[in-house]
Amino acid sequence: MFKTIIAAYDGSDHAQQALAVACDLTSKYGAALHIAHTPQVASETMMVGYSAVPLPPSAEELEKAGAEAMQKAVAIAREHGVDDVVTHVQPGDPGRAIVEYAKAENADLIVMGRRGLGDFGSLLVGSITHKVSQLAECAVLTVK
Ligand code: ATP
Ligand code: MG
């Protein structure tokens, strides 16, 4: 049923749990596991007159953050019995990146947390979960 599974990973506990579920399904279905991550580095600000203007993170900062997150994700996948993973780091908008990657890889399933690093208690699901659930062309499993 599931041949290609994409786990969306932002480094949060929620995403770690989702990755564990993705690993379980990967083993059960003999599927290929891809881990997708969009690095998000807090932007620094520069004062222009009296206003603080955000400076976008450099390509090096994004690359470093992406590589670190992926290293951790690959180690978690190993702990859950999946050694063979494809990693995909794509800067930009995380929701769009996940949906586009799933389409490009012809994925059957996206597994993601219901919340992520943001953790605003008042919202039921995070904005990336919301976006991917609406836009993905394949099945989406959100893990609580
Ligand atoms: P918000 O970001 O809207 O404040 P949140 O951080 O609690 O809320 P989401 O960002 O929607 O919630 O995160 C839900 C899930 O989406 C995460 O558990 C993860 O699976 C995936 N996700 C979120 N951000 C990224 C990212 N940058 N790269 C890859 N996957 C992500
Ligand atoms: Mg988030």
- Item | Computed [θ] at 222 nm, helices only, for the chain once each DSSP H run of length n ≥ 4 contributes -39500 (n - 2.57) | -13000 deg cm²/dmol
- Item | Rg(Cα)/(2.2 N^0.38 Å) for the chain, N = residue count | 1.09
- At 1.4 Å probe size, with every protein chain present, just tell me what the per residue accessible area of region 4-143 comes to in Å². 57 Å²
- Item | Proximal charge balance of Ala69 [Cβ under 14 Å; K/R count +1, D/E count -1] | -3
- Query: Sorted by average packing, counted as other Cβ atoms within 10 angstrom per residue and highest first, what order do 14-20, 65-71 take?
  - Reply: 14-20, 65-71
- Query: What lysines could a cross-link reach from Lys3, if we take a straight Cα to Cα line under 28 Å and drop same-chain neighbours fewer than 8 places away?
  - Reply: Lys28, Lys72, Lys103, Lys131, Lys144
- Query: How many percent of the accessible area of region 4-143 is carbon or sulfur, using a 1.4 Å probe?
  - Reply: 53 percent
- Query: Top to bottom by accessible area (1.4 Å), largest first, where do Leu135, Leu117, Leu109, Leu141 land?
  - Reply: Leu117, Leu135, Leu141, Leu109
- Point-to-point label distance, Asp13-Met1, nm (Cα→Cβ direction, 7 Å offset): 2.9 nm
- Item | Charge dipole magnitude, Cβ of K and R +1, D and E -1 - the chain, Cα centre, debye nearest 20 | 420 debye
- Highest-MSF residue in the chain out of Pro91, Pro57, Pro39 [GNM, Cα springs under 10 Å]: Pro57
- Whole-number percent relative contact order across the chain, with pairs defined as alpha carbons under 8 Å at least 6 apart: 32 percent
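The values are calculated or read from the model by the stated rules, or taken from the named source; none is laboratory data. Treat the numbers as computed from the prediction; the structure is a model and nothing was measured. Please note: Cβ atoms are built from the backbone with ideal geometry, for glycine as well, and neighbour counts cover all protein chains shown. These area figures cover heavy atoms from the full protein model, side chains too; ligands, DNA and RNA do not enter into them. Shrake-Rupley method; radii C 1.70, N 1.55, O 1.52, S 1.80 Å.
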